[in-house]
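K.L.:
Please see the structure below; I have some questions.
Derivation of every value follows stated rules applied to the coordinates shown; laboratory data play no part. Remember, predicted model here, so these are calculated numbers, not experimental data. Note that each Cβ is placed from the backbone with ideal geometry, even for glycine, and that neighbours are counted across all protein chains shown.
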Amino acid sequence: MPENSQNKDNIAKAFEPDYLNRKALAVEWTDALLSTKINHHLVISVSGDWGTGKTYLAKNWYKYLEEQGYFTCYIDAHKKDYAEDPLLVFVKELNANINQYYKTNMGFWWKVRNKIPVLKNKVPKFLIHSSIFIAGVEVSSVISAIRTIIQVAQKFLSSKIKDKIKYLELYEKYISDFREALVKFTCLFDKPVVIFIDELDRSNPKFVIKLIEQLKHIFEIPNIAFILTVNKKELSNTIKGIYGSEMDGYAYYKKFTTHDFTLYPIEKILPDNVKVFIEETMKKYNDFKMSEEFTTIAAKIVQSLNLSLRDIEQVLDHLYYIKEKVTQEYHKEYLIICFFYRAVYIKDYSVFISMREILEDEPTKLMKRSEYDKSFSDIYDKLIYLYDQLKKNNPFYGLLANIIHSITENEIREMVEKYSAAHYLSVKFPDKIEYSFRIEYIGIPMICKGIDNHNRPVFYNINEVKQNILSIRKNLIQLSMLGVKPKEIYFRRKDL
């Protein structure tokens with residue numbers, strides 16, 4: 001399962017899987033900041049670009065704390081930003097999470113409750129009026145505190161006051177009562193009560209502003225910790241949209257936080273971990289198995305372009321839907337070329353479109369254009385990096401480098417001679433399925449136009465090979481963008 005598609009309710013065990021070693025961060029931050037009861041409040045900000053796994057971290061950290069006996073609450077701000085008052089969202093989620101708390105820490109009662117319909121949605125009186133402790137907390141005290149918080153909210157919601165002054169007075173009393181009830185609730189626990197607020201940067205701007213201001217003015221109470229996941233750039237733009245372009249949005253946001261952490265980007269993650277993430281993501285599809293060479297090079301492309309986790313998933317989604325066309329027309333491993341083109345397209349589609357014709361016809365011309373546009377030289381550098389990685393991988397996979405870069409006549413002659421040699425290619429041509437899956441046949445689409453009546457390969461001449469590679473490059477670029485074939489195809493292999 002892709003990391004950012006997890007639902008917090010179906011996570012069996014925290015941080016499984018954990019391809020990018022995010023658990024180490026959560027454990028370190030928990031031990032440093034949340035290990036014991038605190039006499040103040042915390043607002044911990046975890047920032048990262050879109051698609052870097054913020055939601056995965058929040059949901060699994062939530063689950064990890066739950067496993068450690070913490071009272072935790074997870075709020076998806078984006079799904080709740082229609083509410084006028086973030087406090088009401090908080091109360092509703094707090095009420096919902098108390099059931100999960102009992103479920104985790106009071107297994108026996110929960111089983112009895114579910115088997116006897118009359119007990120559903122009820123807490124036994126002997127718990128309410130006794131001094132029974134669960135996870136170190138007196139149950140009756142927790143229930144009493146939760147009820148108080150809910151009653152305060154319900155009383156405010158049920159009031160119908162049109163007079164603005166009376167409404168303000170009632171609201172101020174609501175805030176005061178809410179704080180008092182929440183203080184009593186959080187102080188019951190020997191560890192902080194932890195509230196996760198996710199997707200803040202994607203939420204309604206007015207909701208965001210009101211929420212972060214309430215964190216300072218209302219939630220500044222002992223033994224409570226808020227963990228916010230944000231995209232710094234987008235949140236800054238959200239705040240500027242409310243207060244004006246001159247406002248330093250992120251500096252304003254930081255006034256309300258006590259700790260600020262940033263998720264390290266993909267380029268800082270070990271290549272092996274990125275490779276595992278790619279392999280595991282491909283498993284969610286039917287019949288999408290690639291070679292070791294493919295995943296190794298794909299991981300290097302990811303890091304060179306600094307793709308996000310979401311970017312990787314989107315690239316693989318696209319490849320899955322074009323893989324049959326690529327396999328039938330050429331060879332399955334040509335998808336690595338599509339991986340590169342699609343990754344560049346996702347990273348900056350406007351740059352890709354502006355340089356598409358150069359990429360198709362003469363990639364080396366990107367260097368000439370770089371005098372006027374640095375983005376061209378950046379892409380050319382990435383292309384040369386891929387070219388070198390393909391060449392270094394193995395002799396057969398290295399032939400794919402001829403597709404993405406200009407190829408000389410000598411290189412073409414060497415390739416044709418290699419494949420026409422008896423010890424490199426069986427005289428008898430393999431059937432199509434075998435051909436498409438055996439890596440040693442990668443070069444065939446570039447140099448072979450078909451087979452003769454004796455099932456022997458028939459090779460293009462040098463000029464035809466050059467034109468055929470150009471056609472293949474154009475076709476793969478088109479597939480990488482839209483998944484359809486271009487109109488012009490110079491040469492087609494027959495009977496393959």
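K.L.:
Which aspartates and glutamates have a Cα less than 13 Å from the Cα of Lys184, not counting those fewer than 8 places away in the same chain?
P.N.:
Within reach: Glu138.
K.L.:
If amide H atoms are built 1.01 Å from N in the plane of the peptide, which residues on other chains or at least 5 residues away come under 5 Å of the amide H of Ser47?
P.N.:
When sequence neighbours closer than 5 places are left aside, the close amide H contacts are Val230, Phe261, Thr262, Leu263.
K.L.:
Based only on other Cβ atoms within 10 Å, what is the fewest-to-most ordering of Glu267, Glu360? Before the final figure, lay out the partial values.
P.N.:
Numbers: Glu267 13, Glu360 17.
With the sparsest Cβ surroundings first, the list reads Glu267, Glu360.
K.L.:
Tell me, what HN-Hα J-couplings in whole Hz come from the Karplus equation 6.51 cos²θ - 1.76 cosθ + 1.60 at θ = phi - 60° for each residue of the range 448-454, using x for Gly and Pro?
P.N.:
10, 8, x, 10, 8, 5, 9
K.L.:
Here's a follow-up. Take His41, His259 and order them by how many other Cβ atoms sit within 10 Å, fewest up front. Present the calculation step by step, with values, prior to reporting the outcome.
P.N.:
Numbers: His41 19, His259 14.
Least to most surrounded, the residues fall as His259, His41.
K.L.:
What distance in nm separates the two pseudo spin-label positions at Glu234 and Thr408, each 7 Å out from Cα along the beta-carbon direction?
P.N.:
4.8
K.L.:
If you place +1 on the Cβ of every Lys and Arg and -1 on the Cβ of every Asp and Glu, how big does the dipole about the Cα centre of the range 267-481 come out, in debye to the nearest 20? Mind showing how you got there, number by number?
P.N.:
Values: 30 positive and 32 negative charges, 25 e Å.
The dipole of the range 267-481 has a size of about 120 debye.
K.L.:
Taking 7 Å along the Cα-to-C-beta vector as the label spot, tell me the Asn204-Leu482 distance in nanometres, rounded to one decimal.
P.N.:
Modelled inter-label distance: 4.0 nm.
K.L.:
In the structure displayed, which of Lys191/Lys240; Lys300/Lys374; Lys255/Lys275 lie more than 32 Å apart, Cα to Cα? Please report the intermediate quantities before stating the final value.
P.N.:
Values: Lys191/Lys240 36 Å; Lys300/Lys374 22 Å; Lys255/Lys275 39 Å.
Over 32 Å apart, Cα to Cα: Lys191/Lys240; Lys255/Lys275.
K.L.:
Quick one: what are the phi-derived ³J(HN,Hα) couplings along the range 190-199, Karplus 6.51/-1.76/1.60 with θ = phi - 60°, whole Hz, x for glycine and proline?
P.N.:
8, 9, x, 7, 10, 10, 8, 10, 9, 6
K.L.:
Round to a whole angstrom and tell me the spacing of the C-alpha centers of the range 248-312 and the range 373-400.
P.N.:
Computed from Cα coordinates, the inter-centre distance equals 20 Å.
K.L.:
Put a dot 7 Å past each Cα toward the Cβ at Lys268 and Glu220; how far apart are the dots in nm?
P.N.:
With each label point 7 Å from Cα toward Cβ, the separation is 3.1 nm.
K.L.:
Can you give me the long-range amide H partners of Ile227? Hydrogens built in the peptide plane at 1.01 Å from N, cutoff under 5 Å, separation of 5 or more residues or another chain.
P.N.:
For Ile227, the qualifying residues are Ile44, Ile195, Phe196, Ile197.
K.L.:
If the cut-off is 15 Å between C-alpha atoms, which aspartates and glutamates fall inside it for Lys92, apart from same-chain ones fewer than 8 positions away?
P.N.:
Asp76, Asp81, Glu84
K.L.:
Anything over 23 Å Cα to Cα? Flag those among Lys59/Lys284; Lys59/Lys173; Lys54/Lys284, in the order listed.
P.N.:
Working: Lys59/Lys284 20 Å; Lys59/Lys173 34 Å; Lys54/Lys284 21 Å.
Where the Cα-Cα span goes over 23 Å, the pairs concerned are Lys59/Lys173.
K.L.:
Let me ask something additional. For Glu362 and Glu28, compute 0.36 nm times the residue count separating them, minus their Cα-Cα distance, and round to one decimal in nm. Display every interim value, and only then the final one.
P.N.:
Working: separation 334, 0.36 × 334 = 120.24 nm, distance 5.02 nm.
So the chain would gain 115.2 nm between Glu362 and Glu28.
K.L.:
List the aspartates and glutamates whose Cα lies under 16 Å from the Cα of Lys365, skipping any in the same chain that are fewer than 8 positions away.
P.N.:
Glu357, Asp373, Asp378, Asp381
K.L.:
Further, regarding this structure: Using Cβ contacts closer than 10 Å as the measure, can you line up Thr281, Thr327 from fewest to most? Kindly include the intermediate steps, with their values, before the conclusion.
P.N.:
Numbers: Thr281 21, Thr327 18.
With the fewest neighbours first, Thr281, Thr327 line up as Thr327, Thr281.
K.L.:
Given a Förster distance of 25 Å, report the FRET efficiency between His78 and Ile242 from their Cβ-Cβ distance, rounded to the nearest 0.05.
P.N.:
Details: r = 17 Å, r/R0 = 0.69.
Efficiency computed from Cβ-Cβ geometry: 0.90.
K.L.:
To the nearest 0.05, how large is the calculated FRET efficiency for His40 and Ile462 if R₀ is 60 Å and r is the Cβ-Cβ distance? Present the calculation step by step, with values, prior to reporting the outcome.
P.N.:
Numbers: r = 76 Å, r/R0 = 1.26.
That gives a FRET efficiency of 0.20.
K.L.:
Calculate the dipole size of the range 190-299 relative to its Cα centre from +1 charges on Lys and Arg beta carbons and -1 charges on Asp and Glu beta carbons; express the result in debye to the nearest 20. Don't skip to the answer; put the middle values down first.
P.N.:
Numbers: 15 positive and 17 negative charges, 83 e Å.
Taking the Cα centre of the range 190-299 as origin, the dipole is about 400 debye.
K.L.:
Taking H placed 1.01 Å from N in the peptide plane, check which residues at least 5 places from Gly450 or on another chain put their amide H under 5 Å from its amide H.
P.N.:
Result for Gly450 returns Val458, Lys494.
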